[in-house]
Each structure stands twice: as C-alpha cells, then as structure tokens.
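Single-structure report; data block below.
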Amino acid sequence: MSEYESLLEESIDVAASPAKVWSLVTDLPRMSQWSPQVLRTVVRGGPVQLGSRALNINHRGPVVWPTRTKVVAFEPHREFAFRVKENKTIWSFTLEPTETGTRVTQRRSAPNGISDISLKLTRIALGGQEKFTRELRAGMRQTLERVKDESEA
C-alpha cells in the first residue's frame, strides 16, 4: 500500500451556469483567491488554453515552494486540468450542469504516482502524508466554497 491516496475528490453544487463557474476555475491568476495553498500563479504566453504553462507559488504557513504546471485538459464548460511537473499529480475541475446550476468536482489524482522528492519533502517539511492529505482535502473544500460564493454573487 502506498503512503498517499492516489485520488482526492470534493464536490459542491453551485447556483450558477457552467459558463460562469468555468470563467472562475480557469482564471489561474485568480487561483490564490480560491485556494488557501496558492499565493500566486503566473500564466506564461497569453490566455489559459490547452498546453498553457504556469508558475505557481504555494505555501503552508511559513513554508513556501514553487511548482510548474501545464494544462492537460481544456473542454470549455466541462473539464479543466493541469499537471504539476514537480510531483506528477493532476489537478482538475469537472463541471456538470444540474437543474439549479452546476455541480463542480475538484480532483487531485496521481495516476503515475507521486515523485519521490515530493513524498520526502512532505514528510520533512509538511508534517507527513496523512496530515498533508487532510489539509489538501480541507483546502479543496475551501476552494470550492469560495468558487461557489463568487459564482453566486
């Protein structure tokens, strides 16, 4: 058994159209407004689209680290995903229309595992995988709540 969960997933129902929610979850420079872990995101080369690359500055308390991402799925109003180069995980948002708006699901998947260096740094600097996974799940819920609040405002 691995020391990490290969799939983390949280969902929320939003009283807004998929188009409205899409405009928020794909606005990577604003991700710091939604995610408690993201301090800043800089997209390289213009508007976000399939293949776009970004530099992210993440934090947990005083611990700060950069990551580089590449958009690997971009289906307007349906699915948006990016792969984190340093740890090999894929973060995604899936949007499904509902009678009252949109169901938004955020996932962190590790289909090819998590890099050894990331696992080691999580143990050393972030309190271990179990604690960090709990924090990631709480952060995903907070991200979705913030997207919901902004979408419904």
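The values are calculated or read from the model by the stated rules, or taken from the named source; none is laboratory data. Values in this document were obtained by computation on a predicted structure and should not be read as measured data. When we count neighbours, we look across all protein chains shown, and the Cβ atoms used for this are built from the backbone with ideal geometry, even at glycine.
Looking only at residues in the stretch 56-106 that are acidic (D, E) and touching a strand residue (DSSP E or B) at 6+ places or on another chain (Cβ under 7 Å), which one is nearest to L121 (Cα to Cα)?
Here the answer is E86.
Between a first residue in the stretch 118-135 that is outside any helix (DSSP H, G or I) and a second residue that is surrounded by fewer than 17 Cβ atoms within 10 Å (Cβ to Cβ) and of a type in the set (A, V, I, L, M), which pairs have beta carbons less than 8 Å apart while being 6 or more apart in sequence or on different chains?
From the stretch 118-135, the pairs are L126/V63.
Hey, can you tell me all the residues within the stretch 27-41 that are in contact with a strand residue (DSSP E or B) (Cβ under 7 Å, 6 or more places away or on another chain) and either surrounded by fewer than 19 Cβ atoms within 10 Å (Cβ to Cβ) or in a loop (DSSP other than H, G, I, E, B) (or both)? Spell out the reasoning first.
Restricting attention to the stretch 27-41, the residues satisfying the condition of being in contact with a strand residue (DSSP E or B) (Cβ under 7 Å, 6 or more places away or on another chain) are 28-29, 31-32, 37-41.
Within the stretch 27-41, P29, S32, Q37, L39, R40 meet the criteria.
Does R83 qualify as being touching a residue at least 60 places away in the same chain (Cβ under 8 Å) and surrounded by 14 or more Cβ atoms within 10 Å (Cβ to Cβ)?
In short, no.
In the stretch 4-40, how many are of a type in the set (D, E) and over 30 Å from R123 (Cβ atoms)?
Going through the stretch 4-40 one residue at a time, the tally reaches 2.
Of everything in the stretch 105-117, what is polar (S, T, N, Q), touching a Phe, Trp or Tyr at 6+ places or on another chain (Cβ under 9 Å) and over 18 Å from W22 (Cα atoms)? Give them in sequence order. Walk me through it before giving the result.
Within the stretch 105-117, the subset polar (S, T, N, Q) is 105-106, 109, 112, 115.
Narrowing further to those that are touching a Phe, Trp or Tyr at 6+ places or on another chain (Cβ under 9 Å): 105-106, 109.
Matches in the stretch 105-117: S109 only.
Taking N112 and the conditions (1) surrounded by 13 or more Cβ atoms within 10 Å (Cβ to Cβ); (2) modelled with pLDDT under 95, which numbered condition does it fall short on, given that it satisfies the others?
(1)
Does G46 satisfy the criteria of being modelled with pLDDT under 95 and on the phi > 0 side of the Ramachandran plot?
Criteria met by G46.
Looking only at the stretch 48-69, count every residue that is exposed (fewer than 15 other Cβ atoms within 10 Å of the Cβ), within 20 Å of W22 (Cβ to Cβ) and either aliphatic (A, V, I, L, M) or under 13 Å from the mean Cα position of the chain (by Cα) (or both) and tell me the total.
Result for the stretch 48-69: 1.
Looking for something more than 16 Å from L28 (Cα to Cα), at pLDDT below 95, surrounded by 14 or more Cβ atoms within 10 Å (Cβ to Cβ) and not basic (K, R) - is there at least one such residue anywhere in the stretch 91-107?
Within the stretch 91-107 (the criterion being more than 16 Å from L28 (Cα to Cα), at pLDDT below 95, surrounded by 14 or more Cβ atoms within 10 Å (Cβ to Cβ) and not basic (K, R)), the answer is no, since none of the residues qualifies.
Quick one: which residue in T94, T102 is under 17 Å from V21 (Cβ atoms), under 17 Å from the mean Cα position of the chain (by Cα) and either in contact (Cβ under 8 Å) with a residue 12 or more places away in the chain or not in a strand (DSSP E or B) (or both)?
That would be T94, the only listed residue that is under 17 Å from V21 (Cβ atoms), under 17 Å from the mean Cα position of the chain (by Cα) and either in contact (Cβ under 8 Å) with a residue 12 or more places away in the chain or not in a strand (DSSP E or B) (or both).
Got at least one residue in the stretch 60-68 being among the charged types (D, E, K, R) and either touching a Pro at 6+ places or on another chain (Cβ under 6 Å) or in a helix (DSSP H, G or I) (or both)? Even if it seems obvious, please write down each step before you answer.
Going residue by residue through the stretch 60-68, those that are among the charged types (D, E, K, R) are 60, 68.
If we keep only those that are either touching a Pro at 6+ places or on another chain (Cβ under 6 Å) or in a helix (DSSP H, G or I) (or both) too, we end up with none.
Among the residues of the stretch 60-68, not one is among the charged types (D, E, K, R) and either touching a Pro at 6+ places or on another chain (Cβ under 6 Å) or in a helix (DSSP H, G or I) (or both), which makes the answer no.
Touching an Asp or Glu at 6+ places or on another chain (Cβ under 7 Å) and either of a type in the set (G, A, S) or in a helix (DSSP H, G or I) (or both): which single residue out of A138, A73 fits that description?
A73
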